[in-house]
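What follows is a short report on a single structure.
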Amino acid sequence: MVRTLLLVEDEEAIGRPLQRALEREGYDVVWVASGTEAIERSSTKRFDAVLLDLQLPDIDGTDVCRQIRDRGADTPIIMLTSRGAEIDRVVGLDSGADDYLTKPFALAELCARIRAVCRRYTPTGHEPSPPSTKGLHVEEASRRVFAGNAELALSPKEFDVLALLWRNAGTVVSREHIIDTVWDENWYGSTKTLDVTVSRLRRKLAQPDVTERIVTVRGVGFRLDTSPQP
């Protein structure tokens, strides 16, 4: 199966060669040069992944990412940027991105990251009907999450963290185990990435039909509490 990518890069000297390089790797690449066009394309066509530059001429990449997520799209987003500071990575991930790659980068690393996020992503839209009961429901086979009978739009990393907590509901899962399982046992980035992902999950789980909550166990990790809330 040929993966279709949306490449958002305003500099032609970077965008055109990168498009050609990715096409040589077997991807179908749509290249756009503005945030506005990226939002329009992502709302009319389903992509397997979005490669998003942060420094765009019309809209900042983090705002593009937020708007894509606000429209319900759960497509994996990899941010490509020259901003390498930890706070920039945290802001990028907090806006809904699944991964963050600092320029300059090797094509082999970018392709590895694309493969990683695509493995965790299964497009929705052709799956069985959602359950009709209340509460949180995690369907790992189809990678779908429901709050009552309403489906939640989760990024691949958000789903993986929630699924891990769901499998261990009522017990504490250590931060180290979550990082090793969802990211990589050789992950060298900031652990704030996990906190950002959990924060986004909590906001999405704040639904009238959901009694489950993610509880922080200070100094240890997180627990999915399935007991009814007062």
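Rule-based calculations on the coordinates, nothing more; no lab input. Small disclaimer: the values here were computed from a predicted structure and weren't measured. Please note: Cβ atoms are built from the backbone with ideal geometry, for glycine as well, and neighbour counts cover all protein chains shown.
In percent, rounded to a whole number, the relative contact order of segment 3-102 is 25, using alpha-carbon pairs under 8 Å and six or more apart. Per-residue 3J(HN,Hα) values for segment 105-114, derived from phi via the Karplus relation 6.51 cos²θ - 1.76 cosθ + 1.60 with θ = phi - 60°, read 9, 7, 4, 4, 5, 4, 5, 5, 5, 4 Hz in sequence order (x marks Gly and Pro). Protection proxy ranking for 141-148, 167-174, using the average of other Cβ atoms within 10 Å per residue and placing the highest first: 141-148, 167-174. Inter-part distance, segment 60-79 to segment 1-42, computed on C-alpha centroids, equals 15 Å. Site pair residue 63 and residue 211 shows an inter-label distance of 4.3 nm when each label is modelled 7 Å from Cα along Cα→Cβ. In this structure, residue 3 and residue 181 have a Cβ-Cβ separation that, at R0 = 25 Å, corresponds to a calculated FRET efficiency of about 0.55. Listed cross-link partners 45/192; 103/204; 157/192 are compared with a 23 Å cut-off, the Cα-Cα value being larger for 45/192; 103/204. Here the simple spin-label model places points 7 Å from the Cα toward Cβ, and for residue 112 and residue 10 these points are separated by 3.1 nm.
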